[in-house]
Amino acid sequence: MRATRRGRILLWGAGVCSALVLGVAGVGAWIYQDLDGSINGTDIDDKLGGDRPENLSPGSKNILVVGSDSRGGANSGYGKGLTTMQSDTLMVLHLAANRKWATVVSFPRDSWVEIPACDKGDGTKSKPHHFKINEAFAVGGSTGEVAGAAACTIRAVEQNTGLRIDHFVSVDFQGFKGMVNALDGIEVCPEHPIHDKKADLDLEAGCQTVKDEQALGYVRTRYSVGDGSDLGRIGRQQEFMRALADKAQQKLTSPGDLYDFLKAAAGSLTTDRSLAGVKPLAGLATELQDIPKDRLTFLTVPNYSREADVPSDKANVVWQYPQAADLFTSLAKDVEVDDKRLERESKNPVYARTVTVQVLNGTGRAGLAGEVAAELRAAGYTVAATGNAPETAPRTRVTYPANLRPQAEALASRLPGSKTEQTDDPATGQVTLVLGKDFEGVR
């Protein structure tokens, strides 16, 4: 896991929302209406379905922020051969019910998760499958509609985290270019030259001002910078938005410049219907600005390379359990996350491949142990055996000998509602999963 420095980095959506606050109150009514009408609002409720996580903290807000970029038109050079909508940045902003703290969680786009069945917008539904989390945006947006893309992404995030998403903000990178251009570019200082054909970017080392295609290429470049990971790109994107917000505050003093910038900012956003408009977005930005800097935390979901569990997969990451589950549970219950503690606890991951488990069916439902065993094997776990429990089990539990407690806790954290239980019989030498009637599935 990598935790970014507090107060130093702005998320995409908050940066744009903050930009809208700059001077809106001082413009004329017709300009306000023009800007207000530029923000796209869309209904997504009918695409989310009824099987959603319970809201465990009324009053708090979970806002999904997506940096999106289709490959149509001017974007065709970004991602050769891709024709679907894409999401390059994925975050959840949690605003506490008391508005005294907030946490921003970044999700690496290469996170290997289950993509749920989603409405594709053409009268068909996709089948559940495992892939990178950013594919949810492409599946739901296969017909080019942001509503479907956002809905499928929300479903994927909710299913894999247990968090209830209240709003979404999608930031169009083409609109982002307009904001950068309205500021006459943003200064970046790469330590090494960047030559990235995929991002159509050529930059020399050292400080320089980028705008238009160069600016978009800079925030999208990945493989030609640092270790080539998505984690590194997340940091560059966030730092760029901080620089953009800082320059906007310094430069936008004339009505003309201010209008051009705000028009680009407003036109780059698509939100759910209740968040659409200058007033609700400005309200959101104000709530963020009122939070003390030492209570605004930026995190990345604890993760490790999936290669550790599946040697053939060198391209993806998996979330680290139980730390990821602890993070999601804390936010769901509106409990402030101790980022330093989370970072310490994430230094020594329990790889799924180190967990050997036998799966026993205590539900009476035929074949369930085999189904769950297949899911666990696909996730990298070693399944020693399957069978039926001696008796019906009302609750799902994970039993373990004392020396395998970390492995048991890592497994149990992926089984919502399950309990761990130490056994006095060290001869078992392995973790045992007993599926109870309350079994909800593997996360």
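The values are calculated or read from the model by the stated rules, or taken from the named source; none is laboratory data. These numbers were taken from a predicted model, which means no experiment stands behind them. Note: ideal-geometry Cβ built from the backbone for every residue, glycine included; neighbour counts use all protein chains shown.
Flag: Gly235 does not match the condition of being at pLDDT below 80, assigned to a helix (DSSP H, G or I) and over 25 Å from the mean Cα position of the chain (by Cα). Beta carbons closer than 7 Å, at least 6 apart along the sequence or on distinct chains, pair a first residue in segment 120-138 that is part of a helix (DSSP H, G or I) with a second that is surrounded by 12 or more Cβ atoms within 10 Å (Cβ to Cβ) and among the aliphatic types (A, V, I, L, M) for Glu135/Ile115; Ala136/Ile115; Ala136/Ala156; Phe137/Val66; Phe137/Met85; Phe137/Ala149; Ala138/Met85. In segment 366-381, the residues that are in contact (Cβ under 8 Å) with a residue 24 or more places away in the chain and in the same structural domain as Arg414 (by TED's automatic domain parsing) form Cβ pairs under 6 Å with partners that are surrounded by fewer than 16 Cβ atoms within 10 Å (Cβ to Cβ) and in a helix (DSSP H, G or I), at six or more places apart or across chains, as follows: Gly380/Arg353.
Looking at segment 361-380, can you tell me whether even one residue there is under 23 Å from Phe439 (Cβ atoms), crowded, with 19+ Cβ neighbours inside 10 Å and modelled with pLDDT under 95? Yes; the residues of segment 361-380 include at least one that is under 23 Å from Phe439 (Cβ atoms), crowded, with 19+ Cβ neighbours inside 10 Å and modelled with pLDDT under 95.
To keep it simple, each residue is scored yes or no on (1) out of contact with any helix residue (DSSP H, G or I) (no Cβ under 6 Å at 6 or more places or on another chain); (2) more than 30 Å from Ile291 (Cα to Cα); (3) part of a loop (DSSP other than H, G, I, E, B); (4) at pLDDT 95 or above.
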site: Met91; (1), (2), (3), (4): yes, no, no, no
site: His94; (1), (2), (3), (4): no, no, no, yes
site: Ala97; (1), (2), (3), (4): yes, no, yes, yes
site: Val104; (1), (2), (3), (4): yes, no, no, no
site: Ser142; (1), (2), (3), (4): yes, yes, yes, no
site: Cys152; (1), (2), (3), (4): no, yes, no, yes
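If the condition is being touching a His at 6+ places or on another chain (Cβ under 9 Å), surrounded by 15 or more Cβ atoms within 10 Å (Cβ to Cβ) and either hydroxyl-bearing (Ser, Thr, Tyr) or at pLDDT 90 or above (or both), then segment 270-318 contributes Thr271, Asp272, Leu275.
Is it the case, given these coordinates, that Leu331 is in contact with a His (Cβ under 6 Å, 6 or more places away or on another chain) and either touching a residue at least 40 places away in the same chain (Cβ under 8 Å) or under 30 Å from Ala96 (Cα atoms) (or both)? Criteria met by Leu331.
Rundown of residues vs (1) assigned to a strand (DSSP E or B); (2) under 25 Å from Leu296 (Cα atoms); (3) assigned by TED's automatic domain parsing to the domain that holds Arg414; (4) of a type in the set (A, V, I, L, M, F, W, C), yes/no style:
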position	(1), (2), (3), (4)
Arg109	no, yes, no, no
Asn160	no, yes, no, no
Val171	yes, yes, no, yes
Glu191	no, no, no, no
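Just a yes or no: is a residue in segment 329-342 hydroxyl-bearing (Ser, Thr, Tyr) and surrounded by 15 or more Cβ atoms within 10 Å (Cβ to Cβ)? For segment 329-342, residues hydroxyl-bearing (Ser, Thr, Tyr) and surrounded by 15 or more Cβ atoms within 10 Å (Cβ to Cβ): present.
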